[in-house]
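The values are calculated or read from the model by the stated rules, or taken from the named source; none is laboratory data. Just so you know, these numbers come straight off a predicted model, no measurement behind them. Ideal geometry is used to build each Cβ from the backbone, glycine not excepted, and the neighbour counts take in all protein chains shown. Please note that ligands, DNA and RNA were not included when accessible areas were found on the heavy atoms of the full protein model with its side chains. Shrake-Rupley method; radii C 1.70, N 1.55, O 1.52, S 1.80 Å.
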Amino acid sequence: MTGTDDLPALGDLRVVEMGQLLAGPFCGQLLGDFGAEIVKIEPPGAGDPMREWGREKPHGKSLWWPILARNKKSATLNLRTPEGQELARRIIARADVLVENFRPGTLERWGLSPATLHAENPRLIITRVTGYGQDGPYSPRAGFGSVGEAMGGIRYVTGDPDKPPSRAGISLGDELAGTFAALGTLVALHARHRTGRGQVVDSALYEAVLAMMESLIPEWDIAGYQRERTGSVLPNVAPSNVYPTQDGPILIAANRDTIWRRLAELMGRPELGDDERYSSHGARGAHAAELDDLIGAWTAGQESGPLLELLHENGIPAGLTYRAKDMLADPHYRAREAIIRLAHPEFGDFPMHNVFPKLSGTPGEVRSLGPELGEHNHEVYGTLLGLAAEEITRLTAAGTI
């Protein structure tokens with residue numbers, strides 16, 4: 001690290017991560033990426049179900065877990081027992097942040113309510129990630145990311161207009177909720193510098209999605225316009241689409257006036273740049289289908305490589321739709337170290353996306369891949385809580401840890 005005190009940006013923070021699956025743990029991943037100590041609490045025996053998730057499982061193990069649990073310490077603890085709850089209170093009393101994504105009321109039933117935790121640790125930030133938030137009529141419901149995406153509005157507008165609502169091929173709702181949870185945690189930590197007090201951060205899946213929905217609400221309420229599915233384009237933003245070439249499609253985004261004029265020049269049709277049908281943003285939006293036909297007819301007879309070089313040379317945003325193999329082969333990815341590789345005991349050379357965003361003074365770092373279940377029990381219970389080895393052995397035999 002290059003910070004003045006050799007600490008990562010969040011290296012002075014201890015975060016206790018409870019809960020499982022994706023939204024809360026993604027928040028923990030983001031905080032851990034920038035140096036926070038993440039103590040992940042998992043049920044004894046089984047652990048987080050994310051240890052088993054993922055389409056491909058070489059050696060019978062998840063390829064997702066090493067990424068989601070990177071930079072974390074795993075401690076097992078049965079939170080459904082009084083002794084486990086007491087140990088949890090002792091760990092949390094020594095933490096700066098608690099991240100949890102249980103259904104509202106669960107912590108309270110376990111004697112771990114915010115009031116109880118703040119009585120012992122007034123500076124604690126309690127970050128709670130749920131489907132619907134901590135209050136309101138829907139708060140008791142089970143909430144997965146897919147439901148949050150639907151309620152938040154993004155599912156309705158995703159896909160082709162002649163087909164049912166679609167989804168992105170990733171867990172978008174969960175990861176948005178986790179990202180906003182991390183943002184809220186950092187805001188609460190900043191406020192704590194002034195007030196000395198912690199607070200509760202309430203991140204709901206559907207609201208995290210809603211936060212990305214641009215002007216969808218006033219478009220309906222003020223203008224009476226209902227956004228619909230529009231496939232590969234945004235209404236009234238043109239030209240911006242995927243166009244054919246001899247060896248596969250490319251994306252061209254020339255929806256600014258000056259960029260459109262440059263594209264018209266390249267197409268050998270400079271007069272189109274000032275044509276009243278296309279010369280303004282609004283006019284191009286109204287004639288988007290015509291523009292797409294004109295551009296598609298021009299690109300279809302060319303190879304993608306030389307065409308992309310020509311577009312780049314003339315300042316026209318364009319590119320390919322990348323797959324994993326394209327990312328791994330791309331020189332810009334390599335130059336930016338957007339993908340890094342760490343050694344994994346079973347998989348060997350393990351590639352994954354690097355920490356983002358990049359900081360010039362205190363950059364984040366992937367220090368370790370996802371841990372084995374309970375790998376850090378002796379560190380957490382012995383070093384942090386000061387329990388004797390005999391006590392740790394007893395707690396293990398009792399199924400408490």
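Close Cβ contacts (under 8 Å, 6 or more residues apart or on different chains) running from residues in the stretch 72-96 that are more than 12 Å from ILE41 (Cβ to Cβ) and of a type in the set (A, V, I, L, M) to residues that are outside any loop (DSSP other than H, G, I, E, B) and open to solvent by 10 Å² or more (accessible area, probe 1.4 Å) comprise ALA93/GLU120.
Do we have LYS57 as out of contact with any Phe, Trp or Tyr (no Cβ under 8 Å at 6 or more places or on another chain), buried (at least 22 other Cβ atoms within 10 Å of the Cβ) and of a type outside the set (Gly, Ala, Ser) here? The answer is no for LYS57.
Just to be sure before I move on: is VAL157 outside any helix (DSSP H, G or I), of a type outside the set (Asp, Glu) and farther than 15 Å from VAL129 by Cβ in the structure I sent? Here the answer is yes, as VAL157 does meet what is asked. Take the conditions assigned to a helix (DSSP H, G or I) and in contact with an Asp or Glu (Cβ under 7 Å, 6 or more places away or on another chain) and apply them to GLY28. Does it pass? When the stated conditions are applied, GLY28 passes them. Taking first residues from the stretch 329-340 that are within 20 Å of ASP33 (Cα to Cα) and partners that are of a type in the set (A, V, I, L, M), the Cβ contacts under 6 Å between residues at least 6 apart in sequence or on separate chains come to TYR333/MET327; TYR333/ILE339. The set of residues in the stretch 103-133 being within 21 Å of the chain's Cα centre (by Cα) and open to solvent by 40 Å² or more (accessible area, probe 1.4 Å) consists of ARG103 alone.
Among the conditions (1) out of contact with any Gly (no Cβ under 9 Å at 6 or more places or on another chain); (2) assigned to a helix (DSSP H, G or I); (3) of a type in the set (Val, Ile, Thr), ILE316 misses just one, which is (2). Taking every residue in the stretch 143-160 that is over 19 Å from SER203 (Cβ atoms) and open to solvent by less than 60 Å² (accessible area, probe 1.4 Å) and pairing it with any residue that is modelled with pLDDT of 90 or more and basic (Lys, Arg), at least 6 positions away or on another chain, the pairs with Cβ-Cβ distances below 8 Å are VAL157/ARG227; VAL157/ARG229; THR158/ARG229; GLY159/ARG229. Checking GLY361, GLY386, GLY370, GLY382 one by one, the residue that is open to solvent by less than 50 Å² (accessible area, probe 1.4 Å), more than 23 Å from LEU10 (Cβ to Cβ) and not hydroxyl-bearing (Ser, Thr, Tyr) is GLY382 and no other.
Selection of first residues in the stretch 253-281 that are farther than 15 Å from ALA318 by Cα and of second residues that are open to solvent by less than 40 Å² (accessible area, probe 1.4 Å) and basic (Lys, Arg), restricted to Cβ pairs under 9 Å at least 6 apart or on distinct chains, gives the following pairs, ordered by first then second residue: ASP257/ARG284; ARG277/ARG284; TYR278/ARG284. Per the listing GLU120, GLU219, the residue uniquely on the phi < 0 side of the Ramachandran plot and in contact (Cβ under 8 Å) with a residue 12 or more places away in the chain is GLU120. Just one of the listed residues (ALA238, ALA297) is in contact with a helix residue (DSSP H, G or I) (Cβ under 7 Å, 6 or more places away or on another chain), at negative phi, surrounded by 12 or more Cβ atoms within 10 Å (Cβ to Cβ) and not charged (D, E, K, R), namely ALA238. Can you say whether ASP292 is part of a helix (DSSP H, G or I), under 22 Å from ASN236 (Cα atoms) and of a type outside the set (Ser, Thr, Tyr), as far as the supplied structure shows? Spelling it out, ASP292 is indeed part of a helix (DSSP H, G or I), under 22 Å from ASN236 (Cα atoms) and of a type outside the set (Ser, Thr, Tyr). Across the stretch 36-51, the number of residues qualifying as in contact with a Pro (Cβ under 8 Å, 6 or more places away or on another chain) and part of a strand (DSSP E or B) comes to 1.
Residues that are at pLDDT 90 or above, crowded, with 17+ Cβ neighbours inside 10 Å and in contact with a helix residue (DSSP H, G or I) (Cβ under 9 Å, 6 or more places away or on another chain) occur in the stretch 191-199; there is at least one.
Within the stretch 28-51, none of the residues are among the aromatic types (Phe, Trp, Tyr), buried (at least 22 other Cβ atoms within 10 Å of the Cβ) and under 16 Å from the mean Cα position of the chain (by Cα).
Pairs are defined by a Cβ separation below 8 Å, a sequence spacing of at least 6 or placement on different chains, a first member in the stretch 197-213 that is within 14 Å of ALA177 (Cα to Cα), and a second member that is of a type in the set (D, E, K, R) and assigned to a strand (DSSP E or B); the pairs so defined are VAL201/ARG128; ASP202/ARG128; SER203/ARG128.
For GLY54, the criteria (1) part of a loop (DSSP other than H, G, I, E, B); (2) more than 22 Å from LEU87 (Cα to Cα); (3) touching a residue at least 12 places away in the same chain (Cβ under 8 Å) hold in every case but one, which is (3).
With respect to the conditions (1) in contact (Cβ under 8 Å) with a residue 60 or more places away in the chain; (2) over 18 Å from ILE38 (Cβ atoms); (3) part of a loop (DSSP other than H, G, I, E, B), PHE350 lacks only one, and its number is (3).
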